[in-house]
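Please treat every number below as a calculation from the coordinates, not as lab data. These numbers were taken from a predicted model, which means no experiment stands behind them. Cβ sites come from the backbone with ideal geometry, for glycine too, and all protein chains shown count toward neighbours.
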Amino acid sequence: MSRTEMNSDGRGLLRWTVGSAVVWGGTFLAASVAGALIAGVNPLANLGPVGALTAIGFTVGGLVGPLARGLAARRRSK
């Protein structure tokens with residue numbers, strides 16, 4: 001499906017999904033880097049755990065985005 005074929009509802013869902021994934025991924029990235037710095041280790045030397053937590057954050061955000069969109073739409077319709 002090309003971009004021109006997607007209806008406005010699909011674009012809204014995609015926007016919420018990507019936006020939420022970016023916010024949650026960034027939050028998990030910041031938390032894992034802060035945790036590494038608090039522990040006194042170099043976050044770049046421990047890229048595995050930092051990257052894993054960031055990937056988890058993106059996944060959580062991608063799943064929460066459509067849920068949040070549905071809740072927001074339901075709240076607006078009342």
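Condition first: within 27 Å of Leu71 (Cα to Cα), more than 15 Å from the chain's Cα centre (by Cα) and in a helix (DSSP H, G or I). Now tell me which residues in the range 5-60 satisfy that. Working first, answer last.
Keep residues of the range 5-60 that are within 27 Å of Leu71 (Cα to Cα), which gives 5-31, 53-60.
Right, trim to more than 15 Å from the chain's Cα centre (by Cα) and you get 5-12.
Scanning the range 5-60 gives Glu5, Ser8, Asp9, Gly10, Arg11, Gly12.
Rundown of residues vs (1) out of contact with any Ser or Thr (no Cβ under 8 Å at 6 or more places or on another chain); (2) among the basic types (Lys, Arg); (3) in contact (Cβ under 8 Å) with a residue 40 or more places away in the chain; (4) surrounded by fewer than 15 Cβ atoms within 10 Å (Cβ to Cβ), yes/no style:
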site	(1), (2), (3), (4)
Trp16	yes, no, yes, no
Trp24	yes, no, yes, no
Asn42	yes, no, no, yes
Ala52	yes, no, no, yes
Gly61	no, no, yes, no
Gly70	yes, no, no, yes
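With the structure loaded, tell me whether Arg76 is free of Cβ contacts under 8 Å to residues at least 60 places away in the same chain, surrounded by 16 or more Cβ atoms within 10 Å (Cβ to Cβ) and among the charged types (D, E, K, R) or whether it fails that test. For Arg76, the condition - free of Cβ contacts under 8 Å to residues at least 60 places away in the same chain, surrounded by 16 or more Cβ atoms within 10 Å (Cβ to Cβ) and among the charged types (D, E, K, R) - is not met.
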